[in-house]
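Novice: What follows is a single structure, and I will ask about it in a moment.
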Amino acid sequence: MTKGHRSSFAVALSRRRFSAGGACALLAIASSKASGEEPPTLRFGLTPVFLNNDIQLLDALKLYLEAATGHSVELVTRRTYQEVTSLLVSGQLDAAWICGYPYIQYRDDLELVAIPAWNGKPYYQSYLIVAADREAQTILDLRGDIHAFSDPDSNSGFLVTRTLMFEHGLDPEIFFRKTLFTYGHRNVIRAVASNLAQSGSVDGYVWEVMLELEPALVSQTRVLRRSEWLGFPPIATSRKMAGTEKNLVLQKALVEMAANPQGREVLGMLRLTGFEMPQEKVFEGIARMVDRLRGVL
Amino acid sequence: MSGRIGLFRLPLIWRVPLAVSVLMLLVSAVITERVLDRLGSIQETYLQSIANSYLDGVTASISPSVLREDSWEIFDALERLRPVNTAIVPVETIVTTPSEIVLAATDPLKYPSLEKMDDLHVEQFPDKQIRIESGDGLAYLERDIDYQDTTIGRIFTIFDARLLLAERRDVLSTLILTNAALTVLLVLIGFMTVRWMIRPMQTLENHMIEAAEGKAARIDVSSQAPGNSESRRLFMAYNSLLDADEERRELSSRLAEEEKLASLGRLSSVMAHEINNPLGGLLNAVDTLKKHGANATVRDASLDLLQRGLQGIGEVVRAALATYRPARQSRPLSLSDFHDAKMLLSPELRSRGQELELLLEGGEDFACTCPSGPVRQAVINLLLNASAASPEGADLFLRAAKRAEGVIVEVGDRGPGLPAKAVKLLTGPARKSLPEGKGLGLWVVRQISDEIGARLELASRSGGGSIVRIRIGPDTVTEINHAA
């Protein structure tokens, strides 16, 4: 399975695919408390969520982190959010860029390291998209669609739409003819653009940036509904590894990225303005949705 | 039809090369057709194998997704697995459930997921075999997706085979052009070669036609085929044939002459006998005259005897002379000719104790324009033959009758009937050459009859024996008549 996922991820990278978690990643800090010795390598988990040229981005990110932390860095990628989250929670990663939704789900086991800032703010939106020429006005017009979700653990690619439907008293399994998980925001856009799915839930950040990078593809879709502003996918670590030296230098490297030329290059590829120190309140919106759906999912 | 007749009327030197050319064209056409057919099937196999390898890849890749009915994974795989650098490119691929509900297609707009595939579309895909639509250059192939011996789905693929078809068209035109050029060249070479090869045959044919027209000429071997030993041998053989024929002709005429002389010899002996018979009596009469010439009674009796004896000799000599008189001195046939024949034959008949009945109809006005000499000779030959064929003491007859349509001469014998060879010799097709063995007399009869334009007929004689009839028409040779 792992191998399969890696290869599919590689293909996804080469096609500049965006992944589900918008910009979910987590930087883990090694657990020096447990072992007494810090491992020489910093294992940093990523969900396949990147912009621009993915391979170049990974290389640039790795080089920056190695230079800024003084540790050798191993970037660990997986196909789904769940896999990355599991590795992080179980302590197999020092940190990872994850999504706000799994962060809220595993808040007791995780600790925030940094939050990316897009257009100067640590927030983004979830978009409900349809084909560009479709006349639908609200989600109620999407009855009978094949609907493309990104990932069952994605905030913008699942949770937001699911909550909205809950608020309207709709059951996705009945309301939609069929739902798909494409495990990538770019895939959601492709599915809707090609008419494989008639509507989709996508990361607004990814949609906006891809509109700039792949206008031919993205312009075949239009945004039917924008959600409220929600916390941007953060970098988190497991609670037991929080506060270690590796985690601290990682946090410093991320927060100071915007001040570093090499870091700015990475941020340019990601179309981000920088990373901010953790603030719990950023994820209150997501936490409310999780509360609302408790017992439903 | 007239074209066919016209073709058959062409000389051999054109017909044979044309036939060879037509055959070569046919062979070329058949070979071209075979090659194209083979090319077609090879291309189809090639197309099928490319299509199969594409479908193998797709099937292996999407089977788990089909099992889960994961439309996105199937769609994504179809997008990723689409080959670009092959002779045939899949234009559309549709993956369905076994009941043809679309799971995913490369063109979801045309084939929406979860919709039943149109029957019309399904019919375009023959069972497992690739179908090439030459009109739009598309190829259709359907494949089942099997998992643990169960069909979990189907793949319908439409390929763009225009490149392949264009290649086939290129090969087709190249092949036809090359073949046509080569065939024309070979036909030309074949035509010229065969013409050259059968030219000696043409020469031979011309000479044989000329020979049949009586203008036989030897082939000049040195100039006709200087380097070709085979035709040289053929020409030499033809020349030898001409020489042999010439020799045979000479031999025939010599033999005919000898036969005439032979019968002359036989008649000469008859004549000598006829002269010798009275000669003794005449000499006795002369002696009697010498001794008793003074006695008037004795003298008169002796002189009378001498006169009758000499008259007898004179008749024999006259008959012989009339028979062997040269043609220019011939006179028209008359009844006396038949008397002469009987007289000339009488010693031969007497020796065999045979009787010859002379039946002459027409009296003294037996006027006939035909020459007497040849007829006498023919009659004598027939009588000699009849006498030889009949047993001793047999009764023969010679009939001569004048009719409105001409003269009929019949010779009847008591023989066992003419043998087949003799019948053929007398009434069969004319032949110049001599017959083998005996029968020269009858051959001479035939020659004479042909020369004077008479017709020979055969009949059976009542009471046993045969009748040979000579019908001499009124328009027989008159030149001799004038000469007479």
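The values are calculated or read from the model by the stated rules, or taken from the named source; none is laboratory data. For clarity, every value in this text was computed on a predicted model and none was experimentally measured. A quick note on method: Cβ atoms are made from the backbone with ideal geometry, for glycine too, and the neighbour counts reach across all protein chains shown.
Novice: If I filter region B:85-97 down to residues being within 15 Å of B:Tyr140 (Cα to Cα) and outside any loop (DSSP other than H, G, I, E, B), which single residue comes out as modelled with the lowest pLDDT?
Specialist: Checked region B:85-97; the qualifying residue modelled with the lowest pLDDT is B:Val89.
Novice: Report, by residue number, each residue of region A:229-264 that is surrounded by fewer than 24 Cβ atoms within 10 Å (Cβ to Cβ), assigned to a helix (DSSP H, G or I), in contact with a Phe, Trp or Tyr (Cβ under 8 Å, 6 or more places away or on another chain) and of a type outside the set (Gly, Ala, Ser).
Specialist: A:Val255, A:Gln262, listed by residue number.
Novice: Let me ask something else. Considering only region B:1-81, give the helices (runs of 4 or more DSSP H) lying wholly within it that have at least 1 residues that are within 14 Å of chain A (Cβ to nearest Cβ) and touching a residue at least 12 places away in the same chain (Cβ under 8 Å).
Specialist: Counting at least 1 such residues, we get B:12-68, B:71-80.
Novice: Follow-up question, since we're still on this one. Report yes if A:Phe181 is aromatic (Phe, Trp, Tyr), within 30 Å of A:Arg294 (Cβ to Cβ) and within 14 Å of chain B (Cβ to nearest Cβ), otherwise no.
Specialist: Spelling it out, A:Phe181 is indeed aromatic (Phe, Trp, Tyr), within 30 Å of A:Arg294 (Cβ to Cβ) and within 14 Å of chain B (Cβ to nearest Cβ).
Novice: Then there's this: Out of (1) modelled with pLDDT under 95; (2) within 14 Å of chain B (Cβ to nearest Cβ), what's the single condition that is false for A:Pro172?
Specialist: (2)
Novice: Follow-up. Of the conditions (1) surrounded by 13 or more Cβ atoms within 10 Å (Cβ to Cβ); (2) under 60 Å from the mean Cα position of the chain (by Cα), B:Arg154 clears all except one; give me its number.
Specialist: So the condition that B:Arg154 fails would be (2).
Novice: Would you confirm, using the coordinates I've provided, whether A:Ser194 is within 14 Å of chain B (Cβ to nearest Cβ) and not acidic (Asp, Glu)?
Specialist: Spelling it out, A:Ser194 is indeed within 14 Å of chain B (Cβ to nearest Cβ) and not acidic (Asp, Glu).
Novice: Which numbered condition trips up A:Asn187, out of (1) within 14 Å of chain B (Cβ to nearest Cβ); (2) modelled with pLDDT of 95 or more?
Specialist: All conditions pass for A:Asn187, except number (2).
Novice: Identify the residue in region B:98-137 that is at pLDDT 90 or above and in a strand (DSSP E or B) and, among all such residues, is nearest to the other protein chains (Cβ to nearest Cβ).
Specialist: B:Ala104
Novice: Kindly establish whether A:Tyr64 is modelled with pLDDT of 95 or more, in the same structural domain as A:Val266 (by TED's automatic domain parsing) and of a type in the set (Phe, Trp, Tyr).
Specialist: Judged against the criteria, A:Tyr64 is a match.
Novice: Which one of B:Asp170, B:Asp144, B:Asp119, B:Asp136 is over 30 Å from B:Thr32 (Cβ atoms), out of contact with any strand residue (DSSP E or B) (no Cβ under 7 Å at 6 or more places or on another chain) and not hydroxyl-bearing (Ser, Thr, Tyr)?
Specialist: When all the criteria are applied, what remains is B:Asp119.
Novice: Is it the case that some residue within region B:398-419 is among the hydrophobic types (A, V, I, L, M, F, W, C), closer than 24 Å to B:Asp450 by Cα and in contact with a Ser or Thr (Cβ under 8 Å, 6 or more places away or on another chain)?
Specialist: The answer is yes, given that some residue of region B:398-419 is among the hydrophobic types (A, V, I, L, M, F, W, C), closer than 24 Å to B:Asp450 by Cα and in contact with a Ser or Thr (Cβ under 8 Å, 6 or more places away or on another chain).
Novice: Moving on. Of all residues in region A:161-201, which are out of contact with any Phe, Trp or Tyr (no Cβ under 9 Å at 6 or more places or on another chain) and either under 19 Å from A:Tyr124 (Cβ atoms) or outside any loop (DSSP other than H, G, I, E, B) (or both)?
Specialist: A:Thr163, A:Leu164, A:Phe166, A:Glu167, A:Glu173, A:Ile174, A:Phe175, A:Lys178, A:Val192, A:Ala193
Novice: Go through region B:191-221 and give me each residue that's acidic (Asp, Glu), surrounded by 12 or more Cβ atoms within 10 Å (Cβ to Cβ) and at pLDDT below 85.
Specialist: B:Glu205
Novice: For the structure I just gave you, tell me whether A:Ala34 is over 17 Å from A:Leu267 (Cα atoms), in a loop (DSSP other than H, G, I, E, B) and modelled with pLDDT under 90.
Specialist: No: the conditions fail for A:Ala34.
Novice: Quick check on my filter: what residues within region A:131-160 are aliphatic (A, V, I, L, M), within 14 Å of chain B (Cβ to nearest Cβ) and out of contact with any Phe, Trp or Tyr (no Cβ under 8 Å at 6 or more places or on another chain)?
Specialist: Answer for region A:131-160, where residues must be aliphatic (A, V, I, L, M), within 14 Å of chain B (Cβ to nearest Cβ) and out of contact with any Phe, Trp or Tyr (no Cβ under 8 Å at 6 or more places or on another chain): A:Ala131, A:Ala132.
Novice: Taking A:Asp133 and the conditions (1) farther than 23 Å from A:Pro152 by Cβ; (2) touching a Ser or Thr at 6+ places or on another chain (Cβ under 7 Å); (3) assigned to a loop (DSSP other than H, G, I, E, B); (4) of a type in the set (D, E, K, R), which numbered condition does it fall short on, given that it satisfies the others?
Specialist: Unmet condition: (2).
Novice: Which numbered condition in (1) without any contact (Cβ under 8 Å) to a residue 40 or more places away in the chain; (2) surrounded by 24 or more Cβ atoms within 10 Å (Cβ to Cβ) is the only one that A:Tyr124 fails?
Specialist: (1)
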